[in-house]
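Q: This is the structure I want to talk about, given as structure tokens.
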Amino acid sequence: MKHHIDGSPLESDFEIKMETLSLSVEPGSKDVIVKNLYVSIDPYQLNRMKTYSSSQTAVSFSGSLTPGLAIDTYGVGRVLTSGNPNFEKDDLVVGLISWGEYSILKEGVILNKLDPMGFPLSHHVGVLGFSGLTAYGGFFNVCKPKKGEKVFVSAASGSVGNLVGQYAKLFGCYVVGCAGSRKKVDMLKDKLGFDDAFNYREETDLNSALKRYFPDGIDIYFDNVGAEMLEAAVSNMNTFGRVAVCGVISEYTDSGKRAAPHMLDVVYKRITIQGFLAADHMAVYADFITTTTDHLRTGKMQALEDVSIGLESVPSAFAGLFRGDNVGKKIVQVGEE
Ligand code: NDP
């Protein structure tokens with residue numbers, strides 16, 4: 001990151017820096033040197049890149065970024081050298097590596113050995129990684145679904161959204177998603193089994209669009225975008241409806257934009273609106289892995305991945321999230337397996 005970024009990120013906001021890396025670990029140091037393989041590209045990083053965030057909470061949660069320094073990210077790699085007795089050369093690992101070709105992980109930084117369980121390594125960045133846990137924990141723990149309930153998911157072709165829709169369908173809900181292109185809408189219906197989907201960019205009035213897709217109202221709204229979509233969803237919620245606020249991507253690029261749902265709707269319809277973080281749901285991690293690996297093996301669920309190759313594609317992969325370029329989990333492969 002060359003400088004702080006306010007508004008939508010551009011490829012030109014980033015540059016690749018080269019440094020010489022020593023492959024030996026100082027005696028007594030518990031550093032682990034990792035060859036990065038797959039790195040996650042996530043919208044929340046933009047909130048760390050701002051000059052001044054109007055949401056200091058968001059920044060304090062994940063830490064603000066300093067121009068010129070490496071950007072830490074969730075990802076998968078292979079150990080090259082380790083001073084830490086828990087890791088050996090050639091171990092596959094998953095944790096907080098960086099948008100780079102190599103990472104030096106200090107003691108205490110999140111890093112775990114990875115058992116790929118027969119799945120491609122990239123799945124451990126997406127469907128079996130944090131995106132999957134976010135969708136699983138958010139849907140089952142926060143939305144508390146009942147079979148037959150009507151579920152609306154925004155950014156439904158994205159990393160988290162497509163999985164929420166798939167879990168909800170497998171659980172027995174009626175699911176409608178919205179996304180930013182006709183191609184994505186067709187994919188949600190034809191490939192992922194959503195009951196219906198629409199292109200929000202073609203709708204002039206989101207409130208009446210949701211009335212059309214949910215004539216009997218929405219029971220659960222899984223919110224990935226915030227602002228007008230959240231307002232329209234709240235207007236269309238049923239009594240005792242639940243809104244899981246996973247993220248508000250449309251507000252990340254526009255600091256003046258804020259959702260203002262009709263609070264009288266919230267009162268009279270006794271709607272629950274709850275924000276959450278994936279990390280809140282570690283208690284269901286084992287269930288999440290068992291259920292999701294079963295669904296993937298039996299072909300009931302699909303892993304939707306959008307993988308670019310090479311470190312040089314990180315800036316466009318990241319900027320593309322805010323243009324809707326990605327379909328499914330955006331990942332960059334920065335090293336050969
Ligand atoms: P995605 O893979 O969904 O990528 C972002 C997508 O959002 C784009 O493809 C685009 O699709 C859509 N989008 C971009 N800008 C806008 C906009 N202005 N209005 C509406 N849609 C937009 O990202 P993730 O699935 O990783 O993340 C989805 C949300 O979940 C984000 O808000 C993220 O911050 C949040 N999140 C929260 C976590 C938590 O722990 N609470 C963990 C992980 C993610 P389209 O073509 O449909 O516009």
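Q: Within the set of other residues whose C-beta is less than 13 Å from the C-beta of S24, count the net charge using Lys and Arg as +1 and Asp and Glu as -1.
A: -1
Q: Any idea what % of Cα-Cα pairs in the chain are farther than 38 Å?
A: The answer is 16 percent, as a whole percent.
Q: Among 179-188, 133-142, how do they line up by average Cβ neighbours within 10 Å per residue, starting with the highest?
A: Sorting 179-188, 133-142 by mean packing, highest first, produces 133-142, 179-188.
Q: Can I ask one more? Looking at segment 1-95, which chymotrypsin sites (Phe, Trp or Tyr not before Pro) are in a loop (DSSP not H, G, I, E or B) and have at most 16 other Cβ atoms within 10 Å?
A: Answer in residue order: Y44, Y52.
Q: Among V79, H4, Y44, whose Cα sits farthest toward the positive end of the charge dipole of the chain (+1 at Cβ of Lys/Arg, -1 at Cβ of Asp/Glu, about the Cα centre)?
A: Result: Y44, furthest along the dipole toward the positive end.
Q: To one decimal place, what Kirkwood hydrodynamic radius in Å is obtained for segment 220-312 from all pairs of distinct Cα atoms?
A: 15.9 Å
Q: Past the 23 angstrom mark, what percentage of all C-alpha to C-alpha distances in segment 130-279 do you count?
A: That fraction is 26 percent.
Q: Could you pull out every one of the lysines with an alpha carbon less than 19 Å from that of K144, ignoring same-chain neighbours closer than 8 positions?
A: Hits, sequence-local ones excluded: K169, K269.
Q: Taking the Cα centre as origin and putting +1 on Lys and Arg beta-carbons and -1 on Asp and Glu beta-carbons, what dipole magnitude results for segment 130-279, to the nearest 20 debye?
A: It comes to approximately 360 debye.
Q: Please give the net charge around T291, taking every other residue with its beta carbon less than 12 angstrom from that of T291, where Lys and Arg add +1 and Asp and Glu add -1.
A: For residues surrounding T291, the net value is 0.
Q: Go ahead and collect, in residue order, the members of segment 194-235 whose backbone nitrogen is under 16 Å from a label point 7 Å along the Cα-Cβ direction of S181.
A: 198-202
Q: Follow-up. Using only the alpha carbon atoms of segment 268-334, find the Kirkwood hydrodynamic radius as the inverse mean reciprocal pair distance, in angstroms to one decimal.
A: 15.1 Å
Q: For the chain, what is the charge dipole size about the Cα centre, in debye to the nearest 20, if Lys and Arg each add +1 at the Cβ and Asp and Glu each add -1 at the Cβ?
A: 860 debye
Every number in this text was worked out from the coordinates using simple rules, so none of it is lab data. Remember, predicted model here, so these are calculated numbers, not experimental data. Using ideal geometry, Cβ is built from the backbone for each residue, glycine included, and neighbour counts are taken over all protein chains shown.
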